Amino acid sequence: MGSDIILKVEGVGKQYRLGLVGTGTISHDLNRWWNKIRGKEDPYLKVGETNIRIEKGDSQYVWAIKNINFEVKRGEVLGIVGKNGAGKSTLLKILSRVTGPSTGEIKTKGRIASLLEVGTGFHPEMTGRENIYLNGAILGMTKAEISDKIDEIIDFSGCLRYVDTPVKRYSSGMKVRLAFAVAAHLEPDILVVDEVLAVGDAEFQKKAIGKMQDISNSDGRTVLFVSHNMAAVKSLCTRCIVLENGESVFEGETDQAVDFYLNNSGSNSSEFSGIIQFNENDIGNHQVSLLEVKSYDKENRVRSTYFNNEDINIDIKVNIKESIKNSRFALIIETQNEEKAFVSASNNITNGELKKGGFTFTVVIPKNLLNNIEYNVFVSGAIPGKNYFFKPNKCFSIKIEDSKSKGYNFNEKWHGTVHPELKWSLKT
Amino acid sequence: MKTAEEHWLYVISSKKKLIDFNFKEIWKYRDLLFLFVKRDIITLYKQTVLGPLWYLIQPLFTSLIFTLIFNNLADIPTGEGVPNFLFNLAGITSWNYFKDCLIGTSDTFKKNENIFGKVYFPRVIMPMSVVVSNLLKFGIQIGVFIGFYIYFIWFSSKSYSVSPNISLAFLPLLVILMALLGLGLGMIISSMTTKYRDLTFLVQFGVQLLMYGSAVMYPMSYFEKKLPNYYWLIEWNPIAIIVEAFRTMVFGTGELNSFKLIYAGITSCVIFLIGLVIFNKTEKSFIDTI
């Protein structure tokens, strides 16, 4: 059913010139123009390099995104994920028509509006009401549409008392509320949401995500969602595209795409070594410094992958440089989606005084607690309420694999950050 | 099904057509135009004591100084029966509208980088709103001019023999020409400054110099008499023709050269169209270079 497709992206690429705009610019412009009047192709479009941020390139031109193709159906929520600099924002900018593509075409059957621009065009001297009209019109509403919805918008923002006061007297939170209220009452066919939106307090984020779900669920409108937050992507999106160095490397079901993204971004490093050592004074302060963190099994082998029916031992080696009281060391376990699984602290054994010297804490993560996923291990040390020795510091990642010991024998994904074995009983 | 698939609302393409205007879209955004005008008007003189009086102070004092320097000191004649002050006020009022349109639109891209970088609307709305809000300022200044006009004719002790020419009926057309010329030049400059900032400096004093070449404080006929060798500079300057035409309309002195006026009209339209094309070309990618 071709008619279902609301947005079609065909071979879109965007080239940027690196460095400064200076005297070289004019000669390139002239050369480009000279080629153009002879009916030739832009010579600089050929020379671009793939956008790999960490490598030094020879060319002054670089492709921020290259040859992106995808289609979006009406009512679909498409996630776009990728690392920093993968080209997500560039793609969104092109989609929202802020800048044009260097190659390719985007065809759409609906009005695209993006929530990148919360509060764009607010004028501090004008009142809240005047700004609602201006901002709404900038986002593409007509005056009549805004007039219809103005009460709703003011109500949603919760700024009724201030609505006839200049916006410069607003708190920053009120400005964001007012701005989001306007944006939320837009009725575009395709909504583009950048994770920039996720900046704000918890209530605001909840409201924003809720509104997005409303939009896609009840109104059947199309949403393009860009985020680093894999949990949000998983809960919202029906399909995902993974961008890497400006190219689309994966397209498909959300779960597979997220897995692909996480595996590709995590596997190439020393993250899974199971041990990390620090130089004295690298991590810590004048009281305590962190020397080593390692994870090992019951045979004292340092490992990073464990079965779920194994205890995991974690050693935290510190050097205490002056005697401390009421200290607390903590082990923080986080999933790859950056959700905290749990925190465990040393209060019981460190409430008293710790004398100067080298110490090693050993923590045991009991078997049958963690889920069959990857975790990041953090440690921190502090005197609660006073100061940190070292803030939560990412040490390494561990991976839990199913040992098939729980009475089921096929691989299954379990929801939740942990998957503890609890006592079950049965009565008649 | 096939036909439905071909029916796209719009297409974002890398291929740029030379002339690619979506007038329907601009019309759809007309509310935005008026909201921008409203914004400009309510916010311009916020937190000033004299407020909109500044609209009046600037042309009045300039006319006063011009009268002192150019008429009393340098003895430039202003034509039979035309009060010097009124002559200067007429020149400055019409020149100011052109100048405000030009300067107000010449930094469109730079000034609105923040909005333009985040949200799409037809960019041309922005310079258009500048032209419209300046029109209001021009209206107020015309009002002041009329006030002084009436004073000089009926209440002044000297007798002046000026009266509006029948061609005054074409005044709105003249105003449109001024707007087109100012807007056109402004759009060209603002497009160029996205990449090459040098032009911003040129505009600063270029406009000042242009004023001296635009028959603001002298009649064109006097220039021809005094400096015939350089007269072509003024003669074919469209804004000079427009300023002179404005004075002819209101004072009835001199005669309206309809050939030159048509020339000025065509030039204004051409500059405006060139400006529109360049502006349109720039708006698609300026955010990468600014």
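Pairs of C-alpha atoms in region A:79-178 farther apart than 22 Å represent 42 percent of all such pairs.
How much space per residue, in cubic angstrom, does the convex hull of the C-alpha atoms of the protein assembly as shown take up?
Details: hull volume 190.2 nm³, N = 718.
Each residue corresponds to 265 Å³ of Cα convex hull volume.
Assuming 0.692 mPa s and 37 °C, estimate D for chain B with Stokes-Einstein, Rh taken as the Kirkwood radius over Cα pairs, in µm²/s.
Numbers: Rh = 20.8 Å.
D = 158 µm²/s.
As a size descriptor, the averaged projected area of the C-alpha convex hull of region B:102-201 was calculated at 8.9 nm². Principal-axis analysis of the Cα atoms of chain B puts helix B:125-150 at an angle of about 10° to the longest axis. Here the sum of -39500 (n - 2.57) over DSSP H runs of 4 or more residues, divided by the residues of chain B, equals -20500 deg cm²/dmol at 222 nm, to the nearest 500.
What is the magnitude of the charge dipole of region B:29-106 about its Cα centre, with +1 placed on the Cβ of each Lys and Arg, -1 on the Cβ of each Asp and Glu, and no other charges, expressed in debye to the nearest 20?
On the way: 5 positive and 5 negative charges, 84 e Å.
Computed charge dipole of region B:29-106: roughly 400 debye.
Between the helical axis of B:171-193 and the longest alpha-carbon principal axis of chain B there is an angle of about 50 degrees.
The Rg/Rh ratio of region A:308-422, with Rg taken over Cα atoms and Rh as the Kirkwood radius over Cα pairs, comes to 1.05. What the pair-distance distribution of region A:330-396 shows, using all Cα-Cα distances binned every 10 Å from zero, is 16, 49, 27, 7 percent.
No lab work stands behind these numbers, since they all come straight from the coordinates. Keep in mind it's a predicted model, so treat the numbers as computed, not measured. Quick reminder, even Gly has a Cβ in these numbers, built from the backbone with ideal geometry, and neighbours come from all protein chains shown.
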